[in-house]
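To keep things clear, I will list the structure first and then write my remarks on it.
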Amino acid sequence: SCTFLGDPVYPEIVQRQLSTRLGKRVEALNASSPGYSSFQGRQLLEKVASCQPDAVVGYFGLNDHWRAQGGLTDELQYALGHGPKTLALLRAVWARTGPPITRVPLERYAENLEAIRAAVADWGAKPIFVTAPSAFRSGAMPNWAYGFFQQFYGMEREAVDRIPGLHEEYAAVVRQVASRPPARLVDAATAIAD
């Protein structure tokens, strides 16, 4: 969603800046979608490949580490589909009784990013990864955050306090995957925090 919204929208900014720097027309296509995680991004790879891009920007992390809807990861929700009411009931029970989990667990996040890096490199394109910046800092969570995350995610204060550390763990995975050639890193989390 960070690259989906805006005025001007992200592709327009990229096109303008790259066209100016390179001295030739550049076209930027946007495959982003609000709420998508690295799991959905990985599913989009085939469609992105059909565009024959020279570079692909992967910007995931925020949605990946949020609490799973219905207590099920994105991958399990996809596998189960939106089928019978029984599955919906099971999801609701699990959400209330099961342990809190992220939409995309850290190890699956790493696998998704690595699969994206490898696929893009195999096409002969340049994979570029962006770490997601965050306004939340360890030990300095704003008061409004506790009410917001309690109301919308059912998170207790201790879980909210873990968000900055969890966010940094996901950013560290981005840095690790982007450290392998031919990938590149835009460390927005560090640049914007400074």
Original post:
Given the residues Phe60, Phe39, which is the only one that is in a helix (DSSP H, G or I), at pLDDT 90 or above, under 14 Å from the mean Cα position of the chain (by Cα) and under 30 Å from Arg16 (Cα atoms)?
Top reply: Phe39
Original post:
Do we have any residue at all in region 17-26 that's touching a residue at least 12 places away in the same chain (Cβ under 8 Å), under 21 Å from Val174 (Cβ atoms) and either in a helix (DSSP H, G or I) or open to solvent by less than 90 Å² (accessible area, probe 1.4 Å) (or both)?
Top reply: no
**OP:** Check Tyr78 against each of (1) over 14 Å from the mean Cα position of the chain (by Cα); (2) at pLDDT 90 or above; (3) in a helix (DSSP H, G or I) and name the one condition it does not meet.
**Re:** (2)
Subject >> Total residues in region 120-175, condition modelled with pLDDT under 85, closer than 30 Å to Ala28 by Cβ and surrounded by fewer than 14 Cβ atoms within 10 Å (Cβ to Cβ) >> reply: 1
Original post:
What do you reckon, is Ala79 of a type in the set (Gly, Ala, Ser), open to solvent by 30 Å² or more (accessible area, probe 1.4 Å) and in contact (Cβ under 8 Å) with a residue 60 or more places away in the chain?
Top reply: no
Subject >> Single residue of Arg184, Arg117 found to be closer than 13 Å to Val57 by Cα, open to solvent by less than 40 Å² (accessible area, probe 1.4 Å) and among the basic types (Lys, Arg) >> reply: Arg117
Original post:
Out of all the residues in region 1-9, is one or more under 20 Å from Pro133 (Cα atoms), among the small types (Gly, Ala, Ser) and modelled with pLDDT of 80 or more?
Top reply: yes
Subject >> Matching residues, region 27-54, being open to solvent by less than 60 Å² (accessible area, probe 1.4 Å) and of a type in the set (Phe, Trp, Tyr) >> reply: Phe39
Original post:
When only residues in region 1-16 that are in a helix (DSSP H, G or I) and over 21 Å from Leu62 (Cβ atoms) count, which is least open to solvent (accessible area, probe 1.4 Å)?
Top reply: Gln15
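The values are calculated or read from the model by the stated rules, or taken from the named source; none is laboratory data. All values derive from a computational prediction rather than experimental measurement. So basically every Cβ, Gly included, is an ideal-geometry build from the backbone, and we count neighbours across all protein chains shown. Side chains are part of the model used for accessible areas, which takes the heavy atoms of the whole protein and leaves out ligands, DNA and RNA. Shrake-Rupley method; radii C 1.70, N 1.55, O 1.52, S 1.80 Å.
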